[in-house]
1. Among the numbered criteria (1) more than 16 Å from residue 299 (Cβ to Cβ); (2) part of a helix (DSSP H, G or I); (3) in contact with a helix residue (DSSP H, G or I) (Cβ under 7 Å, 6 or more places away or on another chain), which one does residue 225 miss?
2. Please list, ordered by first then second residue, the pairs with beta carbon atoms under 7 Å, 6 or more apart or interchain, first in segment 235-260 and under 19 Å from residue 410 (Cβ atoms), second exposed (fewer than 13 other Cβ atoms within 10 Å of the Cβ).
3. Given the conditions (1) surrounded by 20 or more Cβ atoms within 10 Å (Cβ to Cβ); (2) on the phi > 0 side of the Ramachandran plot, report the number of the one that residue 79 does not fulfil.
4. Show the residue pairs that are 6+ apart or on different chains and have beta-carbon atoms under 7 Å apart, the first residue being within segment 106-133 and more than 8 Å from the ligand (Cβ to nearest atom), the second being basic (Lys, Arg).
5. If residue 160 meets every condition in (1) surrounded by fewer than 19 Cβ atoms within 10 Å (Cβ to Cβ); (2) touching a residue at least 12 places away in the same chain (Cβ under 8 Å) apart from one, which number is that one?
6. Residue 343 - would you say it is at pLDDT 95 or above, touching a strand residue (DSSP E or B) at 6+ places or on another chain (Cβ under 9 Å) and either on the phi > 0 side of the Ramachandran plot or not β-branched (Val, Ile, Thr) (or both)?
7. Filter the strands (runs of 3 or more DSSP E) completely within segment 353-439 down to those with at least 2 residues that are among the small types (Gly, Ala, Ser), outside the structural domain of residue 249 (by TED's automatic domain parsing) and surrounded by 13 or more Cβ atoms within 10 Å (Cβ to Cβ).
8. Considering only residues that are outside any helix (DSSP H, G or I), among the aliphatic types (A, V, I, L, M) and away from the ligand (no atom under 16 Å from the Cβ), which ones fall in segment 240-297?
Amino acid sequence: MINQEETLANVTVVGLGKIGLTLAAVFANNHFNVYGSDINEGVVATINQGKSHITNEPGLDQLVAAAYNSKTLSATTETAEAVAKSNIVIVIVPVLIDNQYNVDYQFIDAAVKEIARGMKEDTLVIFETTIPPGDTQYRFGKKLQELSGLRLGEEFYLAYSPERVYSNRIIEDLKKYPKIVGGINEKSRELAVDFYKKALNCKLIEVSSLETAEFSKVAECVYRDVNIALANELAKFTEKIGVNMSEVRKASNSQPYSYLHEPGIGVGGHCIPIYPYFFINKGLTKGMTPMARKINDSMADYAINKVEEEVGSLKDKNVLILGLAYRENVKEPTKSTTLLLIDRLIKLRANVFVNDPLFTNSEIKQYGVSPLSLQSEFTSKMDAVILQAFHKAYESLDFTKFISCKIILDGRNKLNKNEIQRLGITYRSIGNDDIKERL
Ligand SMILES: NC(=O)c1ccc[n+]([C@@H]2O[C@H](COP(=O)([O-])OP(=O)(O)OC[C@H]3O[C@@H](n4cnc5c(N)ncnc54)[C@H](O)[C@@H]3O)[C@@H](O)[C@H]2O)c1
């Protein structure tokens, strides 16, 4: 067991992004001395001034400032040096997927090399990044052993504990959700459990292997993707039958065994649309997992078809997409459905405009589209508007500015249908169209 003195000594958190910095700040406020390491010098410099580079994460600024004041959090680009001073190393560096859906390990492989350089006897390394089952042991554990010369499970310890939090409420989720912990052996698991008990003070679920812990995280994401795909399939069918999907969901979900998710224009972000490929690439090539991916990625086309039904050919038509972000109130464009919408609209030769209050004009321009402020008079020239991410700013959207608009496609079923229709604009959605009007 790690004794109290050692535990309250040094932890290195490798990767100071949204999750890594939050973890580092929470640990540092729970009596651990934390070194955060990141390859981004700007990130490191900001943290070393007691500030957070992450926006929109409630409570994080205060935790970083408190840790800075109590001198329990510092940041560095020198991962190996920080690891050399630590008993515990937490790895929370992303694993991505490329355009051909191959797993891209470049960042985490580089981090593992640096960790191996700094590791000493008895170091506990815990991976938290979502990864394909088997990787902790057979890719990273093996590499750490080979590069450090220390024997895995005997001279250094290895555990996996997935991060299950949600952006915008990470600190709250860290307390709320049980931490799933698996180890390469019993000793590794016990050391990790002991650490999380003190560092997070949350419930723990100990599982029998690293692979069980890895699998459980990917399974959560697959469950959500499949559930949303089912909701989308049913939403499309409600439109044929002539019932309203929101009403159906509310009624069905009043019974505890039914937990239909919300249908919508698509699934984005760096979790749900990506992690199913961690199973698909390992052989789960048939059945619901790959099918759900196809259904959810087809929703952007489904929405555009509805716009075409109303407007006709979209060639030279002005189409405004609300929200570059993949979901409401986060500045995160990864795998946003807006990217699928842009792709298709450009192929149809529409003039594509994007509004997103969380992004700058130059950030939006990177996607080959024109940014459009809602204050601009040019809003009056839009032929169609598509809501992709229901940001707070859109809750009080003034639809009167869209005087030439023929259709508003509400991809999140959140806009005020009556107000839109009162202005003579056609309202379409995913499963919540006005049935009487359509029949
Ligand atoms: N963001 C979420 O909502 C969320 C939720 C659950 C789980 N996760 C998991 O957490 C991981 C990290 O997510 P995030 O949102 O914090 O990512 P992020 O992109 O915000 O941050 C990643 C950080 O890692 C740094 N980095 C890259 N290579 C490095 C290296 N070799 N050494 C040190 N630092 C390096 C980057 O500079 C960046 O600061 C995800 O890949 C995922 O597995 C994320």
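The values are calculated or read from the model by the stated rules, or taken from the named source; none is laboratory data. A quick note: this is a predicted structure, and the numbers were derived from the prediction, not measured. Reconstructed Cβ throughout: ideal geometry from the backbone, glycine too, with neighbour counts over all protein chains shown.
1. Against the list (1) more than 16 Å from residue 299 (Cβ to Cβ); (2) part of a helix (DSSP H, G or I); (3) in contact with a helix residue (DSSP H, G or I) (Cβ under 7 Å, 6 or more places away or on another chain), residue 225 comes up short only on (1).
2. The qualifying pairs are 242/439.
3. Looking at each condition in turn, residue 79 falls short on (2).
4. Once the first residue is more than 8 Å from the ligand (Cβ to nearest atom) and sits in segment 106-133, its partners that are basic (Lys, Arg) give 112/143; 116/143; 132/282.
5. Status for residue 160: all satisfied but (1).
6. So residue 343 does not fit the description; no.
7. Hits in segment 353-439: none.
8. Answer for segment 240-297, where residues must be outside any helix (DSSP H, G or I), among the aliphatic types (A, V, I, L, M) and away from the ligand (no atom under 16 Å from the Cβ): 243, 260, 265, 284.
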